[in-house]
Amino acid sequence: MRAAFSFHVAGEAAAEDWAATHALALLGADGDLIDLLGHVRKAPVPDVPLKFYELEAKAIAMHKYLAHHVPGLLQTATYAREVIACAQPWLSVKEVEAMVAKRVSRRHLLAKPDPPLLWSVLDESVIRRPVGGPAVMRDQLVHVLEAVKAPNVEVQVLPFAAGCHPLMGGSLTMMSFASEPDLAYFEADLYGQVVKDRAAVAQHAHRYDLVHAAALPPGPSIALIEQLVEEYDACVH
């Protein structure tokens, strides 16, 4: 994931360096400040996903909105393989398998003696898009239905009928901890950002609350997922 994040940033670096250098010159910046730009560009890109995993392991509650796929903690290996390989087509088979193994290993967090609360709101497109085909998607949704039987796992669906909403730009995780302030993790495509500023966290929480309020209640959400399991199963057989 680090390589993918670096690739995303590096693609725009040359054009941005030229524009930034000339902007600094026009503003009268001295040579030392212009030289500093080059050192900033050479600094290593932070491994945001790994930081997120560390925070995830310490969280006592996670409230998520997923725009494009089932949350990693609820993914089957087959579904995860499809998502990872499709999102990062430059990865080798070995690299994909390593990422799948890492993602699947994180599921132990939900089964430990004192597990965190995982409350996920899935965009309706997440359950309707046949990632990997009908069989893969059926098995993935069956896995979700099994997961929600645990008292610490809840899933809701944000229906298409909800229309425009505050999180159309990407996915969001709100995280709570036993002795640390809440934080947010916003993710779009291959870019992720951990947000700790309290004012910004409050704004993200407000956005999440609006999406949560617009989602179907848990009961109807589960009924919709069960309906789609039947539809995918019919396609398989």
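Annotation: amide H of Val121 within the under-5 Å range of Lys64, Tyr65, Leu66, Gln156, sequence separation 5 or more or interchain, hydrogens built in the peptide plane.
Sorting Glu231, Glu124 by the number of Cβ atoms found within 10 Å of their own Cβ, with the fewest placed first, yields Glu231, Glu124. Would you please give the FRET efficiency between Glu226 and Val104, computed as 1/(1 + (r/R0)^6) with r the Cβ-Cβ distance and R0 = 25 Å, to the nearest 0.05? Approximately 0.55, to the nearest 0.05. For the range 92-214, a simple Cβ point-charge model (Lys and Arg +1, Asp and Glu -1, everything else neutral) yields a dipole of about 260 debye relative to the Cα centre.
Read-outs: derived from the displayed coordinates by stated rules, not from any lab. Quick caveat: nothing in here was measured; it's all calculated off a predicted structure. Neighbour counts are summed over all protein chains in view; Cβ atoms, including those assigned to glycine, are modelled from backbone coordinates with ideal geometry.
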